[in-house]
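Asker: Here's a structure for you.
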Amino acid sequence: MFVNQFLFLAAVLFCIGVYGVVARKNAVLMLMSTELILNSVNINLLAFAMRNGSTDGHTFALYIIAVAAAEVGVGLGLVLLVYRNKKSISVDELSEMRG
Amino acid sequence: MNILAAESEVLAPLATGWFMDNAWLIPVVPTVAFALIILIGKRLPMKGSELGVFSMVISLVLSAGTAYQWIQRVNGTSEGQFVSPVVRSWSWWQSGGFDFGIGQHVDGLSVVVLFVVAFISTLVQVYSLEYLRGDRRYTHFFAALTLFSGGMLAMVLADNMILFLLGWEIMGLCSFILIGHWWEEDANSRAALKAFFTLRTGDMGLLVGISMLYFAANDWTQANLGLSGFSIRGISAWALSGEPNSSVITIAAVALFIASIGKSGQFPLHTWLPDAMAGPTPVSSLLHSSTMVVAGVFLVARLYPVFFVGLDILGSGGNLIVIIGGITIVISAALAFVQDDIKRVLAYSTVSQLGYMMLGLGAGAWLPAVFHIFTHAFFKACLFLGAGSISHSASHHSFDMKKDMGGLRKVMPITFATWIVSTLALCGVFPFSGFFSKDEIIDNVGHNGYNTFMIIGLVGAFMTAAYMTRATYLTFFGEPRGASAGHAAHSHDPHGASAPHDSHAAHDPHGATGPHESGLLITVPLIILSVLALGSGFLNATPFGESWERMKLWVEPRASVVIADSYPGGPGESLKLASGAVPAEESHSKSVCGSATPEKGVCYAPQLNHAPFKWSKALVSLLIVLAGMAISWVLSILVFTERDPRVAGLTSRIKVLGLGHKFLVDKYYLDHLYENVVVRSVAYPISQAAYWFNQNVLDGVLHTVARFAKRLSAWVYKNIDQRVVDTTVNNSAVLTKSVGTAAQPTQSGRVSQYGALLFSAAAIAALVLVIINT
């Protein structure tokens, strides 16, 4: 099987996601990058599930998709509140917790 | 007797049966009923009384079955064979090498007392259904009455002294509760306290006696019988083994006898018993006349070998028991003459009759004394219940013979008839039951060499006849007076013994109707008891020959030497007749037990003598009794009805007689002696000493300790708290502060930086995992 290709794709997606989370200032883009990370994990799970011939990975992937949907809902809600308070969705504005 | 016959005698099997094997159920049933009455009694249709009556009926049936099977067992043996008691014991608890058992000991003595207690308890409970109807503590009354029966039955059936003590104390407690049943009256609660404290004084003796016997006997009983030093069989065998130190066993016997003095109301601790009449009449009838007060007599009868050896009963012309018994007979009979309260007359009569039992036991007349317990229970219960019947239905709850009674024979024919039967039994008139028991005691006391005390017994019989005739005359003859003449209720007698209870008076059904006969629940027990007062004497009718002496056959333990060989698994259970120990031709008439050390085997009972019955002696005592009745009858008519100037008011005219009368009315000043002299002389210095001790010793110690503690705490504050503790706290705070300052830059507040740190940490963790796994 071509497991390596799948893993490679997942790793690339993961790195892009991490880069997005760390480097972008826009809160919505950060959320999208988080989705990328989660989906790269999904690909990993499906790849190994195919290789092992079991459906456990599929189950987990479905589970993660459901959790990610909920997470996006909460995250967008947070972004909306941030925008109402700051008139901006740049995460650099949110540094009141600085020690 | 040849060897074969002896062998067959050895192997004669003793009959047994379910009732005897399970006799321990007899006290358990009322005890369980007590718990049920307390828990759910108030919710039952008859307020819990049905449980009490029902449990007593069960106990009575079980006791009757046990008695029947015991008689079968005795009848199945050959003459002179030792009838071993049916003993079952279990370990109750163990502590430090002491093994406290619990168990049953069924023999003739326990069977007869069990039956009497269960029987009288049943009748008294039935009687109480009517007598206490509507009382505010009806349920608790039945609970206490039932618990009392459980305690007494447990004591009677006890196989060891610990269980005996338990039953004994339960009875003391129930006596306290029941005397003070109407505690709203101050006099009643004081009477209850007096009874309790007087009994406690005696109970000290029981504790001391039991402990002494245990430590003296335990080694011997463990070695020879495999029994504990608490077990009654072990103590009995030890006492007759010739082993005990004479001074130890004497002191133990005296200590135990002090307990008997307290419980059985003997001189000088008899003062509680007349005051105990403050309780409801069924209580007086059950506890303070026929059952509980014989517990002291029962103790002496139960551990008879200890007293037999310790006080040298057959060897001397006087010992502690006969002296106390003799004094008690005369002084309490004299007190009965000056009482106006009918229950107090009966109370002093009880004290006097208990004196007869003690006299009998002390003089070696074991069986007549036990037989007197049996007959006395019936006729004295009947007399008390009769007095209760009068107060319930004829005299507005008054017990005052002079103020509220008289002429009642016409309105209360059943009570009158039963009273007369029981009075004749109490006086010892042939053929009523008292004749067969009391006359036997007097006869045997003389036969065993206690001649002075035989005369005292006859004087007591004269006095008994006289005071009972006086009481009968005042109650049932002459003109009706006060309440029994139908007069309205008036102030009751001042000492409060018979003061009415308010709830009791509230339902008073006869305010308008005047004196009348009591209901069936009261008269039926009276009739049953009077029939037994008449008939129970024939169970041991010595005048009619050996074949009538059933009680002697069934109850008296046989003084045979038995070999006790312990089989594994049944210590002390396998008792056999030692066929060779006693020459056969002598064994039935005279055993070595009690007089010499048994060589092979052990004795459980001493050999006692029985006086042969002679009509000449009986006629003398009968004449004395009849003379007492006649003199008292004539004097009663002259004093109370005719008011003859020659005899009426003698005490106010002749100074010596007046002083004597006052001396009797004031009860020999014994109450004053106890309350004002003994209690004060003991309690006052003790309180003084306690105050001084408190002020000087306790407070001194307290002050020193406080000063020391103050100084110590000052040092601790300066050196430990300030230096050690505070420094530690400060240093740790400084450390925390510097760590915080160092870590501050990482908290930038920028989400991207947090994300970067998170992923770096995850990457490092992943690297570590990879390295570890490869």
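The values are calculated or read from the model by the stated rules, or taken from the named source; none is laboratory data. Worth saying up front: this structure is predicted, and the values here are computed from it rather than measured. We place every Cβ from the backbone using ideal geometry, glycine too, and count neighbours over all the protein chains shown. Note: accessible area is taken over every heavy atom of the protein model, side chains too, but ligands, DNA and RNA are not part of it. Shrake-Rupley method; radii C 1.70, N 1.55, O 1.52, S 1.80 Å.
Asker: Can you pull out the residues in region B:237-276 that are surrounded by fewer than 24 Cβ atoms within 10 Å (Cβ to Cβ) and more than 20 Å from B:Val293 (Cβ to Cβ)?
Answerer: B:Ser241, B:Gly242, B:Glu243, B:Pro244, B:Asn245, B:Ser246, B:Ser247, B:Val248, B:Thr250, B:Ile251, B:Val254
Asker: Mind listing whichever residues of region B:27-52 are farther than 18 Å from B:Leu157 by Cα and touching a Ser or Thr at 6+ places or on another chain (Cβ under 7 Å)?
Answerer: Taking region B:27-52 and keeping what is farther than 18 Å from B:Leu157 by Cα, we get B:33-52.
Those that are farther than 18 Å from B:Leu157 by Cα and touching a Ser or Thr at 6+ places or on another chain (Cβ under 7 Å): B:Ala33, B:Phe34, B:Ile37, B:Gly41, B:Lys42, B:Lys47, B:Gly48, B:Gly52.
Asker: Output the number of the condition that B:Leu424 fails; it satisfies all remaining conditions of (1) in contact (Cβ under 8 Å) with a residue 40 or more places away in the chain; (2) within 26 Å of B:Ser518 (Cα to Cα); (3) not small (Gly, Ala, Ser).
Answerer: Of (1) in contact (Cβ under 8 Å) with a residue 40 or more places away in the chain; (2) within 26 Å of B:Ser518 (Cα to Cα); (3) not small (Gly, Ala, Ser), only one is false for B:Leu424: (1).
Asker: Taking the condition of a type outside the set (Gly, Ala, Ser), under 30 Å from B:Trp182 (Cα atoms), without any contact (Cβ under 8 Å) to a residue 40 or more places away in the chain and surrounded by fewer than 24 Cβ atoms within 10 Å (Cβ to Cβ), does B:Phe196 pass?
Answerer: On the way: of a type outside the set (Gly, Ala, Ser): yes; under 30 Å from B:Trp182 (Cα atoms): yes; without any contact (Cβ under 8 Å) to a residue 40 or more places away in the chain: yes; surrounded by fewer than 24 Cβ atoms within 10 Å (Cβ to Cβ): yes.
Yes, satisfied.
Asker: Right, something else. Among the residues of region B:236-276, how many are touching a residue at least 40 places away in the same chain (Cβ under 8 Å), outside any helix (DSSP H, G or I) and of a type in the set (S, T, N, Q)?
Answerer: So the count comes out to 4.
Asker: Moving on to the next point. Looking at (1) open to solvent by less than 50 Å² (accessible area, probe 1.4 Å); (2) hydrophobic (A, V, I, L, M, F, W, C); (3) modelled with pLDDT of 65 or more, which is the only condition B:Ala578 fails?
Answerer: (3)
Asker: So, of the residues in region B:295-326 that are open to solvent by 30 Å² or more (accessible area, probe 1.4 Å) and aliphatic (A, V, I, L, M), which turns out to be farthest from B:Asp400 (Cα to Cα)?
Answerer: First, pick out the residues of region B:295-326 that are open to solvent by 30 Å² or more (accessible area, probe 1.4 Å): B:309, B:312, B:314-318, B:320, B:323.
Next, from what is left, pick out any that are aliphatic (A, V, I, L, M): B:309, B:314, B:320, B:323.
On the way: B:Val309: 46, B:Leu314: 44, B:Leu320: 36, B:Ile323: 33 Å.
Out of the qualifying residues, it is B:Val309.
Asker: Let me ask something additional. Condition first: open to solvent by 90 Å² or more (accessible area, probe 1.4 Å) and aliphatic (A, V, I, L, M). Now tell me which residues in region B:741-756 satisfy that.
Answerer: Matches in region B:741-756: none.
Asker: Quick check on B:Leu712: is it open to solvent by 80 Å² or more (accessible area, probe 1.4 Å) and under 59 Å from the mean Cα position of the chain (by Cα)? I'd like the intermediate steps shown before the answer.
Answerer: Values: open to solvent by 80 Å² or more (accessible area, probe 1.4 Å): yes; under 59 Å from the mean Cα position of the chain (by Cα): yes.
For B:Leu712, the condition - open to solvent by 80 Å² or more (accessible area, probe 1.4 Å) and under 59 Å from the mean Cα position of the chain (by Cα) - is met.
Asker: Restricting the search to region B:466-483, which residues are in a helix (DSSP H, G or I) and either hydrophobic (A, V, I, L, M, F, W, C) or touching a Lys or Arg at 6+ places or on another chain (Cβ under 6 Å) (or both)?
Answerer: As a first pass, look at region B:466-483 and keep what is in a helix (DSSP H, G or I): B:466-476, B:482-483.
B:Ala466, B:Met468, B:Ala471, B:Leu474, B:Phe476, B:Gly482, B:Ala483 - these are the residues of region B:466-483 that are in a helix (DSSP H, G or I) and either hydrophobic (A, V, I, L, M, F, W, C) or touching a Lys or Arg at 6+ places or on another chain (Cβ under 6 Å) (or both).
Asker: To continue, here is another question. Any chance region A:20-29 includes a residue that's open to solvent by 50 Å² or more (accessible area, probe 1.4 Å), away from every other protein chain (no Cβ under 14 Å) and out of contact with any helix residue (DSSP H, G or I) (no Cβ under 7 Å at 6 or more places or on another chain)?
Answerer: Looking for residues that are open to solvent by 50 Å² or more (accessible area, probe 1.4 Å), away from every other protein chain (no Cβ under 14 Å) and out of contact with any helix residue (DSSP H, G or I) (no Cβ under 7 Å at 6 or more places or on another chain), one finds none in region A:20-29, hence no.
Asker: All but one of (1) modelled with pLDDT of 80 or more; (2) open to solvent by 40 Å² or more (accessible area, probe 1.4 Å) hold for B:Leu529; state the number of the condition that does not hold.
Answerer: If we test B:Leu529 against (1) modelled with pLDDT of 80 or more; (2) open to solvent by 40 Å² or more (accessible area, probe 1.4 Å), just (2) comes out false.
Asker: Scanning region B:740-767 for residues that are facing another protein chain (nearest Cβ under 10 Å) and among the hydrophobic types (A, V, I, L, M, F, W, C), which turns out nearest to A:Asn26 (Cα to Cα)?
Answerer: Among those residues, the one meeting the criterion is B:Val751.
Asker: I'd like to verify a number: residues in region B:291-323 that are within 23 Å of B:Cys427 (Cβ to Cβ) and hydrophobic (A, V, I, L, M, F, W, C), how many?
Answerer: First, pick out the residues of region B:291-323 that are within 23 Å of B:Cys427 (Cβ to Cβ): B:291, B:293-294, B:297, B:322.
With the extra rule that they be hydrophobic (A, V, I, L, M, F, W, C), the set shrinks to B:293-294, B:297, B:322.
Adding up the residues that qualify gives 4.
Asker: Considering every residue within region B:718-729, establish whether at least one is within 14 Å of another protein chain (Cβ to nearest Cβ) and part of a helix (DSSP H, G or I).
Answerer: no
Asker: Could I ask something else about it? Identify the single condition in (1) surrounded by 18 or more Cβ atoms within 10 Å (Cβ to Cβ); (2) at pLDDT 85 or above that B:Ala64 does not satisfy, given that it satisfies every other one.
Answerer: The one condition B:Ala64 does not meet is (1).
Asker: Mind checking which residues of region A:45-97 are within 14 Å of chain B (Cβ to nearest Cβ), touching a helix residue (DSSP H, G or I) at 6+ places or on another chain (Cβ under 9 Å) and not in a helix (DSSP H, G or I)?
Answerer: A:Ser88, A:Ile89, A:Ser90, A:Leu94, A:Ser95
Asker: I'd like to check something: does region B:88-95 contain any residue that is open to solvent by 20 Å² or more (accessible area, probe 1.4 Å), part of a helix (DSSP H, G or I) and touching a residue at least 60 places away in the same chain (Cβ under 8 Å)?
Answerer: Kept after step one, since they are open to solvent by 20 Å² or more (accessible area, probe 1.4 Å), are these residues of region B:88-95: B:88-95.
Going one step further and asking which of them are part of a helix (DSSP H, G or I), we end up with none.
Within region B:88-95, not a single residue is open to solvent by 20 Å² or more (accessible area, probe 1.4 Å), part of a helix (DSSP H, G or I) and touching a residue at least 60 places away in the same chain (Cβ under 8 Å).
Asker: Moving on to the next point. Assess whether B:Ile329 counts as being β-branched (Val, Ile, Thr), open to solvent by less than 30 Å² (accessible area, probe 1.4 Å) and in a helix (DSSP H, G or I).
Answerer: yes
Asker: Identify, from the list B:Thr736, B:Thr774, the residue that is under 30 Å from A:Val18 (Cα atoms) and either open to solvent by 90 Å² or more (accessible area, probe 1.4 Å) or more than 14 Å from chain A (Cβ to nearest Cβ) (or both). Spell out the reasoning first.
Answerer: Details: B:Thr736 fails: under 30 Å from A:Val18 (Cα atoms).
On inspection, the qualifying residue turns out to be B:Thr774.
Asker: Those residues that are under 21 Å from B:Ala761 (Cα atoms) and open to solvent by less than 50 Å² (accessible area, probe 1.4 Å), I need them from region A:39-60; list them, please. Give the steps one after another, and end with the answer.
Answerer: As a first pass, look at region A:39-60 and keep what is under 21 Å from B:Ala761 (Cα atoms): A:39-41, A:44.
A:Ser40 - this is the single residue of region A:39-60 that is under 21 Å from B:Ala761 (Cα atoms) and open to solvent by less than 50 Å² (accessible area, probe 1.4 Å).
Asker: Same structure again: Could you pull out every one of the helices (runs of 4 or more DSSP H) wholly within region B:373-459 that has 3 or more residues that are within 28 Å of the chain's Cα centre (by Cα) and not acidic (Asp, Glu)?
Answerer: Values: elements: B:401-404, B:413-427, B:433-447.
Hits in region B:373-459: B:413-427, B:433-447.
Asker: So which of B:Tyr674, B:Tyr668, B:Tyr684 is part of a helix (DSSP H, G or I), over 30 Å from B:Thr475 (Cβ atoms) and open to solvent by less than 70 Å² (accessible area, probe 1.4 Å)?
Answerer: Selected residue: B:Tyr674, the only one of B:Tyr674, B:Tyr668, B:Tyr684 that is part of a helix (DSSP H, G or I), over 30 Å from B:Thr475 (Cβ atoms) and open to solvent by less than 70 Å² (accessible area, probe 1.4 Å).
Asker: Right, here's the next one. From the residues in region B:37-59 that are more than 25 Å from the chain's Cα centre (by Cα) and at pLDDT below 85, which one is least open to solvent (accessible area, probe 1.4 Å)?
Answerer: Taking region B:37-59 first, the residues more than 25 Å from the chain's Cα centre (by Cα) are B:39-47.
Now restrict to residues that are at pLDDT below 85: B:41-47.
Values: B:Gly41: 0, B:Lys42: 130, B:Arg43: 188, B:Leu44: 47, B:Pro45: 120, B:Met46: 91, B:Lys47: 99 Å².
Step by step, filter region B:37-59, then rank; the result is B:Gly41.
Asker: Of the residues B:Val411, B:Val429, which is over 26 Å from B:Met551 (Cα atoms) and in the same structural domain as B:Leu619 (by TED's automatic domain parsing)?
Answerer: Numbers: B:Val429 fails: over 26 Å from B:Met551 (Cα atoms).
When all the criteria are applied, what remains is B:Val411.
Asker: Separate question: I'd like to check something: does region B:277-285 contain any residue that is surrounded by fewer than 24 Cβ atoms within 10 Å (Cβ to Cβ) and among the hydroxyl-bearing types (Ser, Thr, Tyr)?
Answerer: No, region B:277-285 contains no residue that is surrounded by fewer than 24 Cβ atoms within 10 Å (Cβ to Cβ) and among the hydroxyl-bearing types (Ser, Thr, Tyr).
Asker: A:Leu36 - would you say it is open to solvent by 50 Å² or more (accessible area, probe 1.4 Å) and within 14 Å of chain B (Cβ to nearest Cβ)? Full working, then the answer.
Answerer: Details: open to solvent by 50 Å² or more (accessible area, probe 1.4 Å): yes; within 14 Å of chain B (Cβ to nearest Cβ): yes.
For A:Leu36, the condition - open to solvent by 50 Å² or more (accessible area, probe 1.4 Å) and within 14 Å of chain B (Cβ to nearest Cβ) - is met.
Asker: Taking B:Ala118, is it modelled with pLDDT of 90 or more, under 24 Å from B:Ala35 (Cβ atoms) and open to solvent by 10 Å² or more (accessible area, probe 1.4 Å)?
Answerer: No; evaluated as a whole, the condition is false for this residue.
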